[in-house]
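Here is the structure we will look at.
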Amino acid sequence: MNTPELAPSRNPREAFGIVRNTDNMKQQSTTLNTDNNNALEDVASERILTIVERHNQENNGLIAILEDIQAEWNYLPEKALRIVSESTGYSLVDVYGVATFYRSFSLRPRGKHLVCACLGTACHVRGAPRIVQELEQQLGIQAGETTPDREFTLETVNCLGACALGPVVVIDGRYFSKVRKSMIHPLLDEARRGFDKTDIRKDKRIFPIDVSCPHCNHNLMDETFAVDGYPSIKVSISFDHKDGWLRLSCLYGSYNSSTELDVPMGTIVKFYCPHCRVELPSTSNCSICGAPMVPMLVYGGGIVKICSRRGCKSHMLDLI
């Protein structure tokens, strides 16, 4: 994630060079105290301190700390923000400022399934507002809210980068293009059952792709190592000073993979071409979790982007 380096400041109004309305922030914080009071007791202080210790010496360590906390609790509990403030030296307003500055962070608990609908211009003219209205009606909530059973959270964004495929809806990291109102109920039912239970050999939305390195254009397919019964995509990865290999399924829509490293859930890993050894450059961030998206060239024209965060299922296929 390309973000400015932060430094603890005694003047909270200097964070990011942005003057914030601290009275409004206090008012929102008070609201969160009431809404999330019961959830705060579930936050383990020891676990937060472990996350802080892992990242506190890094550049942009505060952002990495908050990313790991959200990956584990699915939002940023107030108690966690207070522990981060006390253990890092950042003022609570600075920590709160980062948590509210980036859209990928949430101060309220999200549902088990995240539904994100695009309202960008291209999607809007193709009927996206009606899709959002249908989602709100079937879920019984408004955009920005979570169902009382914590099953679904509904959000809207200004653009998902797939304008030619609109209206676009993303559910648990899966992109659905040219969505119609009649598709909403089946999609929500499938999300409840679990997309990973889909038969990849029968689902026409899942298909094999052949990819190459965007830097050296060398083919990344490995016919000697199969995943899902197809040649895998071979890349190198690194995190926390550890290096190893990763094999990804070449089936677009499948999240199966194999690696020699034990990558903790929520960890952001760096991808490298095994041939030219160059890091695969990120040109955009994940619209779901904010982590860098890793691009690969698709044979025949196009770019596939995969979220670099362990556990996030966001992916995108741009046709050229």
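The values are calculated or read from the model by the stated rules, or taken from the named source; none is laboratory data. Worth saying up front: this structure is predicted, and the values here are computed from it rather than measured. Positions of Cβ are backbone-derived with ideal geometry, glycine not excepted, and every protein chain shown enters the neighbour counts.
Data for the structure
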{"read-out": "Odd one out for His275, checked against (1) in contact (Cβ under 8 Å) with a residue 60 or more places away in the chain; (2) under 21 Å from Gly173 (Cα atoms)", "value": "(2)"}
{"read-out": "Whichever residue in the stretch 223-242 is of a type in the set (S, T, N, Q) and more than 14 Å from Ser308 (Cβ to Cβ) and, among such residues, is farthest from the chain's Cα centre (by Cα)", "value": "Thr224"}
{"read-out": "Residue within the stretch 141-148 that is assigned to a helix (DSSP H, G or I) and either surrounded by 21 or more Cβ atoms within 10 Å (Cβ to Cβ) or not basic (Lys, Arg) (or both) present", "value": "no"}
{"read-out": "Unmet requirement for Pro186, which otherwise passes all of (1) modelled with pLDDT under 90; (2) surrounded by 12 or more Cβ atoms within 10 Å (Cβ to Cβ); (3) assigned to a helix (DSSP H, G or I)", "value": "(2)"}
{"read-out": "Residues satisfying the stated conditions in the stretch 146-165, i.e. under 19 Å from Ser284 (Cα atoms) and at pLDDT 80 or above", "value": "Thr156, Val157, Asn158, Cys159, Cys163, Ala164, Leu165"}
{"read-out": "Residue ranges of helices (runs of 4 or more DSSP H) in the stretch 63-133 with at least 3 members at pLDDT below 90 and surrounded by fewer than 17 Cβ atoms within 10 Å (Cβ to Cβ)", "value": "none"}
{"read-out": "Neighbours by Cβ (under 7 Å, 6+ apart or cross-chain): first from the stretch 230-251, touching a residue at least 40 places away in the same chain (Cβ under 8 Å); second among the small types (Gly, Ala, Ser)", "value": "Leu248/Ser232; Leu248/Ser257; Cys250/Ser232"}
